1. Please note which helices (runs of 4 or more DSSP H) are completely contained in the stretch 312-413 and include at least 1 residues that are within 29 Å of residue 288 (Cα to Cα), open to solvent by 80 Å² or more (accessible area, probe 1.4 Å) and at pLDDT 95 or above.
2. Which numbered condition in (1) over 24 Å from residue 230 (Cα atoms); (2) at pLDDT 90 or above; (3) open to solvent by 10 Å² or more (accessible area, probe 1.4 Å); (4) within 18 Å of the chain's Cα centre (by Cα) is the only one that residue 303 fails?
3. Can you name the residue in the stretch 122-143 that is under 13 Å from residue 97 (Cα atoms) and either in contact (Cβ under 8 Å) with a residue 40 or more places away in the chain or basic (Lys, Arg) (or both) and is also surrounded by the most Cβ atoms within 10 Å (Cβ to Cβ) among such residues?
4. Among the residues of the stretch 158-198, which ones are open to solvent by 30 Å² or more (accessible area, probe 1.4 Å) and assigned to a helix (DSSP H, G or I)?
5. If you check residue 124 against the conditions, is it within 22 Å of the chain's Cα centre (by Cα) and either farther than 21 Å from residue 68 by Cα or outside any loop (DSSP other than H, G, I, E, B) (or both)?
Amino acid sequence: MPGNLEPLDLGIQIPYHFRCPISLDLMSDPVTVSTGQTYDRTSIESWIAMGNTTCPVTRVALSDFTLIPNHTLRRLIQEWCVANRSNGVERIPTPKQPADPISVRSLLSQASAISGTHVSVRSRAAAIRRLRGLARDSEKNRVLIAAHNAREILVRILFADVDAGRESLSSELVSESLALLVYFHLTEEECESIASDPGRVGFMTRLLFDTSIEIRVNAAALTEIVLTGSKSPDLKGIITGSDSIFEGVLDLLKNPISSYPPRRALKIGIKALFALCLVKQTRHLAISAGAPGILIDRLAADFDRCDTERGLATVELLCRLPEGCSAFGEHALTVPLLVKTILRVSDRATEYAAGALLALCTAEERCREEAAAAGLVNQLLLLVQSDCTERAKRKAQMLLKLLRDSWPDNTLANSDDFGRSEVVPF
């Protein structure tokens, strides 16, 4: 067996024993199996996950599936990377070790202990904080933690004082349990255990106004998780039936705190607002809480593509109410922003923007005039001939019918080219 393999694109040779026998790539997290052979962790884990029970190199049956980190080899690989930095080789990072099931069970046991017995509130919070660090490291760790009944334990800890009718709350314990809980997808039963309890819903709403921005953001994340996971319209209505919950979520969009990652606050804020506005019977509360103005301001400045799509979907939902159309119509940027969005962001964004414009232009002649002046007709003519969704095209055709009396003289519709286009006359 040669000591080196053939050169790669980098123009250098990677030592044979630094390569994973499965992937033939440079190992970033070498681990040794029971036969003594070493592989890259991701490769051997995939091999085992496919149902294989033998060592890929020796074909000997694995006596167990324990993967032992090969720290010596990893350090040698890192030294080789540093030595070849001038050739464009980046040093592999020191991998974070996966969570140990025994440690996870111990930490969960410590976290769920009754305060004031043999475990203090601070030590319980510290245990949850360690679990949170593990959950942050990898999806595999999150799966392991969730498999040890973590979601039920965390829900119980978070709402313990509310369930017991006590007022004295440990902000540290609440903060840590909430921050870890939002890493997981709750089951329908777990979501409904929160949504069906007015005390828990009220507590979750109060957390939206906590002095800690992290608690407020995580409370909004939990609100979105519970709303999305609950199937009962009645239970969804319990959560969304308060002005306060809309005000708390909208405040995250209106006033992102510079000392906290603003992108996360905005992303979670728009996800929570969209989930709230999916509940038809309480959309009017979003409008009365000022959602239209805040949404347009944010869409004009801060959102990435996915958040823009959610924001526009929320605008379209709120435009289904007369008071929503009125509120959006009063904002000077609404119509120009929606027109500009068409064919600029994504097919979904185009569809939602067209839907919102259809509602606005149906409701008010002033919006039709603004849309025509902003160049909507030309955008719509391009849209109906594009590869956009059929729903978007139908909305565009309906908008064109509404706007035909407002077409400026310089639009494509009044040009010679329009007569040769593929747009079906109406």
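1. Helices (runs of 4 or more DSSP H) meeting the threshold: 322-330.
2. Answer for residue 303: the failing condition is (2).
3. Checked the stretch 122-143; the qualifying residue surrounded by the most Cβ atoms within 10 Å (Cβ to Cβ) is 135.
4. 160, 162, 163, 171, 172, 188, 189, 190, 192, 193, 198
5. Criteria not met by residue 124.
The values are calculated or read from the model by the stated rules, or taken from the named source; none is laboratory data. Quantities reported herein were computed from a predicted structural model and do not represent experimental measurements. Quick reminder, even Gly has a Cβ in these numbers, built from the backbone with ideal geometry, and neighbours come from all protein chains shown. Note: areas computed on protein heavy atoms with side chains; ligands, DNA, RNA excluded. Shrake-Rupley method; radii C 1.70, N 1.55, O 1.52, S 1.80 Å.
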